[in-house]
Each structure stands twice: as structure tokens, then as C-alpha cells.
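Structure first, then comments.
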Protein chains: 2
Amino acid sequence: MQKIVQCVPNFSEGKDLDKIERIVAPLKNKEGVKLVGVEPDETYNRTVVTVIGEPQAVKNAVIEAIGVATQEIDLNHHKGEHKRMGATDVVPFIPIAEMSIEDAVELSKECAAEVAKRFDLPVFLYSHSAQQPNREKLPTIRKGEFEGMGEKIKLPEWKPDYGKAEIHPTAGVVAIGCRPPLIAYNIDCATKDIDAISFIAKSIRLSGGGYKCIQAGPAEYDEFIQVTMNVTDYTQTAVYRAFEAVKMEAKRFNIEVTGSEIIGLVPRKCLEDIAAYYLCLRNTDTLQSYTLEQLAEVVTEHLGLRGFSLDKIIEYHI
Amino acid sequence: MQKIVQCVPNFSEGKDLDKIERIVAPLKNKEGVKLVGVEPDETYNRTVVTVIGEPQAVKNAVIEAIGVATQEIDLNHHKGEHKRMGATDVVPFIPIAEMSIEDAVELSKECAAEVAKRFDLPVFLYSHSAQQPNREKLPTIRKGEFEGMGEKIKLPEWKPDYGKAEIHPTAGVVAIGCRPPLIAYNIDCATKDIDAISFIAKSIRLSGGGYKCIQAGPAEYDEFIQVTMNVTDYTQTAVYRAFEAVKMEAKRFNIEVTGSEIIGLVPRKCLEDIAAYYLCLRNTDTLQSYTLEQLAEVVTEHLGLRGFSLDKIIEYHI
């Protein structure tokens, strides 16, 4: 199997579609690089871009895109509801296949060094790439935003990891780092009982005594209530555990779990871990021969997945 | 309901039963204090004492016992397999009923102040009572043991929380603090497949991506293998979750869960949390009218408890 990385750069432009088109242009028609998502948000005035592929090819293409964003976006004239500190605000690298967290940390550092050198952009390493504990969480770095960063970056404790201790006059600063793949997962419960669902969400999330890599809460819709969650690291807390734990806690309230849905992209490995449990396999070895269709079928059946299609699997795009 | 605290002082004498008798004498026949366990271990040369009751009464009785141990035990002549730094080695206070963690922290500080003053014993506050992060874990404090403590206590970072920075010449030092009630719980699995049980234990423990307050591993016996665990805080991770999660993970291996056992004492509240789940109750309100017998019956049935008797419930002794 080949190495695959996912990169989800966030650019501080969500309105001017021509400008966005020029920023993402370097991510198109590149050997080993697949652009799988461009999601501009007008209110946020921000665009989330998703690209996957061969690590070096993805890194190089993303560096090019950062270069364009640095020229195109002037934060002195930027307004939007989402907090931001840079024209390219944050660049997470996510290991998908045949890569360790350490490999992706290394890739993020290469990207950071190059970006600082070529575009005169100060870079903070964040998340798993952070070199200091207070740089692990993006909001801590971003506090003060573009407008406050000119002063903040001069403080000894906010010396950037790469580049000068001086913001880029129009493009600010950027956070680059490796983070583990995060699965956005929602479980449908046939009830109007929001208190019960809040109780169940609390039971399964870490802060309530639940699973290590689950953040969860209730979400109310017309027809049902969901336990909505992020599985922050499916390699530690497999997604089937979230589903089974919700069913277990729901028994207490006599609430039926009717299905679930995965939001956004999911790596094949995440589906393999789920399928292995329901097929009573000790590990995922025998699943290597499964096609994406077969894997999707098993997982859809057992988790009662709604709206799942092959293009939600990262490897489908490779 | 009345306030109840549990205290489990560990004394560094496990052989001389007369001496042990003199140490625990102040814990007997005291209004509001019930001595529920004295467990000397010859190999460890250490005795674990369990006492419960009204917080001030328990504190005062335990202070008296520490006074006797300080006179009776000379660590310069102590040998045993268990690590130790004091004649009274560690004194945990555990909130059982109508007490918060904060209440028990306060009680432990009162005990510490009194012990330091009356017996000239340096005291380190540990666990939830710790005043510094490196004093939270007992092994960190105890490192170097009695023999090394004379030097260690002179270091600025090991200045004791109460008392002089000088060990008691025969009784050393003592750690006093509040810790949450810990439930030692084992689940029986009808299998010889140690790999499967190791996998299951890893799945449910925090370090493997499992539940926040579960530490677990496999334990092999002649007839079966157990998932053996500590539930470090049952108020966050209720014990029924451990049982149900093991059953859920065991399905993958087609392993039958045949029962379980609670080792040592358990607070009534822990049983109420379990019973409420299996009786499909939203909270434990209606269980307040249950007798200990009724509670024990429900929990024994649903967890398949082996060897459970009323005297394992702390409140039975009150």
C-alpha cells in the first residue's frame, strides 16, 4: 500500500470565488495530488480545502497554494465571523495510510520551513507538531488574531518556530502541524427526550467518564435527536464502540437507536476497524482483500449508516 | 443521610501482631468510628487498616493510631518487600457519603497539620490534596524510601507541606491526602484465550482508548481468565459500563462473560448507580428506599456477582 496524507488548509477568503479559484489552482492536475473538497463560507469569509495524496506531492502543492494566498489575501481588509490570524490560517496534515503520526509531524515541519523561507511567513507548529505545550491548541496560538499578532509575536514565549518574529504585513502568520484523523459521527435516536440524549452523550464522552477519544453532545432535529460527536482518534477509540456504547446507554431509557451517519471524509482503515468487530475478526488482515464497496456494505449494514457513499472514503479518490 | 468518610492508613509493620494490635487499639470502641479491616502482610511487613465513620471522629482516631505507630515502629530496623518511607506510610481519606472531594481534602489537611504538630512528623499532601503536581502520585513522593528521605527532604522541591524539612529519626515521613473511592472489579470470561482477554482489557481502559476511569489488564486462572480492573472513580465511570463494555468487546471473540466480583469494600452509591441502569431508572432517587439487601440482590443478579455479601458494603458497618 502507498503512503497517503490528507491536508486541510484553511484560507481566509470565503466570498471572492475567482480569488479562491486562483488559490486552489496549484492543487489541481498535479501527479499524486487529488483535490477532494473546496468549501467556501461567506459568513466566515473562509474556505476549507481538502486535498489528499502522496505526502511529498501534497506538501509541495499546498506550499504553492499558500504562496498564492499570501499574495492574494490582505488581512488588513478582512472581515468574517471566524477567528483568523493569517491569509492561510491553519494547515493540518493528517496521516491516512502507511504513515505514522511522526511521519506526518516531519512532513509538517518540512512544509513549515519552506513556507517561512519562500514567503517570509512566520510559522507556529501546532497540535502534534507543537514544540511547546502552549502551542498544542490552535485557539491559544490564534488568540489576539491578525490585529494583535504584531505585538504578540515579539514576546519571547511567542517567537515563531520558523521565520522572523515579525508578522507578514498582509498575510499575518500561519499554524502548520500534524493532527490525527478526526471522524465526525452522529447517531440517530428515535426520541424527543433531549434530557435522555444529553445523559447518553455525557456517558460516552471523556469529560463525562466515557471513552478517551470521544467528544459528544445532543443535537435536536424535527424527527429525532442525535448524539453528535467527534471521534478524535479512531485508531484508539474505534467508531463501533461509540455506536455500541450509545445503544447500551439507550437501553436504560428504552430509546431505539435507528441509525447513524458519518460527516465528511473517512479513511478506509477506520471502516476496516468497524467491519472487523462486526465480522468477529481478530484484526483487519483478511479485510485487505475487500473492495471499498464490500467494506462500505458491511459498515453501512451494522451501523445503519444513512447517506454513505464511496466518495466519502478517502482512498476512493486515489 | 450522615457524612461518612473511609480512611485506609498503611502501617509499616506486618509481622508483630501485638504491636499491630496496639496501633489499631485507638480505632476500636470509639463513638462514630468503625474498624472494618486489619490486613497484616508478613512479606510486605505492612498492615492495611480500613476504618469508616463520622469524618471528625475518624480523623481523630486515626491521628491517635498514627501516634502509636510513630512510637512503636522504628524504620531503621524495618525490612519488607513493599516500598515505604514512614512508620505510618500513607493515609488516604476517601469520601463515601454526603461528602465532596473538597470536604475530604480539607479533612486530610486538618489531619496533616495535627500529625506534624503532635508527633514531629513531616507530612506530604498527596493525591487530590497535593499542592504541587509532582506530589499527586505516591510513588513519586516515596521514591528513595526511608533510607533516602533524609537527604531528599532537604531539597527545596521536597520541602514537606507540614512539619520541618527533617525526617523523624525512627518514623520517617508520611503522605496524607484525599483520593476518590476506587473499586477493584474483576470480570470472569469463560476462555483460555489470553490474547483475546488482553485485547478486551486494552479496549476498555483509558490508555487503550477506552473509558476514562478504568485501568484494566488480563489475569489468568485455572478455570477462566479475568479482565481485572480498577475503576478509579465510579462517580464518573459507573461500574455497569465496565461490565457491559467487556460483554460488547467479548462478542467479537465469541467469549462468554460468566460473572464478576468486587474485591474489598464498595460504597452503597456505587451499587445504586449500577442498579439504576439495570432497573431502567433515570437516577437513583427511588433507590433511596431500597434496603442494602435489595440493592445487593439487584446488582448481584445483573453483574453475576460471585461471593458478594452485605459486609462488603461500607454502609453495612455503620
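Points worth noting:
- Counted residues, the stretch A:89-110 - those being crowded, with 24+ Cβ neighbours inside 10 Å and acidic (Asp, Glu): 1
- Hits in the stretch A:211-234 (condition: farther than 24 Å from B:Glu249 by Cα and either crowded, with 24+ Cβ neighbours inside 10 Å or among the aliphatic types (A, V, I, L, M) (or both)): A:Ala219, A:Ile225
- Hey, B:Ile314 hydrophobic (A, V, I, L, M, F, W, C), more than 11 Å from every other protein chain (Cβ to nearest Cβ) and buried (at least 19 other Cβ atoms within 10 Å of the Cβ) or not: yes
- Residues (open to solvent by 20 Å² or more (accessible area, probe 1.4 Å), more than 16 Å from A:Glu106 (Cα to Cα) and of a type in the set (A, V, I, L, M, F, W, C)) located in the stretch A:117-137: A:Phe119
- Among the residues of the stretch B:157-173, just one is assigned to a helix (DSSP H, G or I) and open to solvent by less than 50 Å² (accessible area, probe 1.4 Å), namely B:Trp158.
- Some residue of the stretch A:26-42 being closer than 25 Å to A:Pro160 by Cβ, acidic (Asp, Glu) and within 20 Å of the chain's Cα centre (by Cα): no
- Every residue from the stretch B:35-51 that is more than 12 Å from B:Val8 (Cα to Cα) and open to solvent by 50 Å² or more (accessible area, probe 1.4 Å): B:Pro40, B:Asp41, B:Glu42, B:Thr43, B:Tyr44
- Those residues of the stretch A:153-197 which are among the small types (Gly, Ala, Ser), within 27 Å of A:Glu106 (Cβ to Cβ) and modelled with pLDDT of 95 or more, in sequence order: A:Gly163, A:Ala165, A:Ala171, A:Gly172, A:Ala175, A:Gly177
- So A:Phe146, is it in contact (Cβ under 8 Å) with a residue 60 or more places away in the chain, within 18 Å of A:Thr70 (Cβ to Cβ), open to solvent by less than 40 Å² (accessible area, probe 1.4 Å) and of a type outside the set (D, E, K, R): yes
- Any hit, the stretch B:247-259, residues being under 19 Å from B:Lys212 (Cα atoms), more than 9 Å from every other protein chain (Cβ to nearest Cβ), in contact (Cβ under 8 Å) with a residue 60 or more places away in the chain and not polar (S, T, N, Q): no
- Residue count for the stretch A:281-296, restricted to those that are in a helix (DSSP H, G or I), away from chain B (no Cβ under 14 Å) and not polar (S, T, N, Q): 5
- Filtered by the rule that a residue be assigned to a loop (DSSP other than H, G, I, E, B) and open to solvent by 80 Å² or more (accessible area, probe 1.4 Å), the stretch B:1-27 gives B:Met1, B:Gln2, B:Lys3, B:Lys15.
- A:Gln71 vs. criteria surrounded by fewer than 16 Cβ atoms within 10 Å (Cβ to Cβ), at pLDDT 95 or above and not acidic (Asp, Glu): yes
- The stretch A:174-233 holds strands (runs of 3 or more DSSP E) entirely within its bounds, and those carrying 2 or more residues that are without any contact (Cβ under 8 Å) to a residue 40 or more places away in the chain and within 14 Å of chain B (Cβ to nearest Cβ) map to A:214-220.
- Each residue in the stretch A:263-277 was checked for being farther than 17 Å from A:Glu98 by Cα, touching a helix residue (DSSP H, G or I) at 6+ places or on another chain (Cβ under 7 Å) and either open to solvent by 40 Å² or more (accessible area, probe 1.4 Å) or away from chain B (no Cβ under 14 Å) (or both), and 1 pass.
- Only residues that are farther than 19 Å from A:Asp74 by Cβ, hydroxyl-bearing (Ser, Thr, Tyr) and touching a strand residue (DSSP E or B) at 6+ places or on another chain (Cβ under 6 Å) were counted across the stretch A:39-55, and they come to 1.
- When B:Arg241 is tested against (1) crowded, with 22+ Cβ neighbours inside 10 Å; (2) away from every other protein chain (no Cβ under 14 Å), exactly one condition is not met: (2).
- Condition met for B:Glu297 (touching a residue at least 40 places away in the same chain (Cβ under 8 Å), acidic (Asp, Glu) and surrounded by fewer than 20 Cβ atoms within 10 Å (Cβ to Cβ)): no
- Taking the criterion of being farther than 15 Å from B:Ser203 by Cα, assigned to a helix (DSSP H, G or I) and out of contact with any Pro (no Cβ under 8 Å at 6 or more places or on another chain), the residues of the stretch B:234-280 that qualify are B:Val239, B:Tyr240, B:Arg268, B:Lys269, B:Leu271, B:Glu272, B:Asp273, B:Ile274, B:Ala275, B:Ala276, B:Tyr277, B:Tyr278.
The values are calculated or read from the model by the stated rules, or taken from the named source; none is laboratory data. Since we're looking at a predicted model, the values are computed, not measured. When we count neighbours, we look across all protein chains shown, and the Cβ atoms used for this are built from the backbone with ideal geometry, even at glycine. In case anyone asks, the SASA skips ligands and DNA or RNA and just uses the protein heavy atoms, side chains included. Shrake-Rupley method; radii C 1.70, N 1.55, O 1.52, S 1.80 Å.
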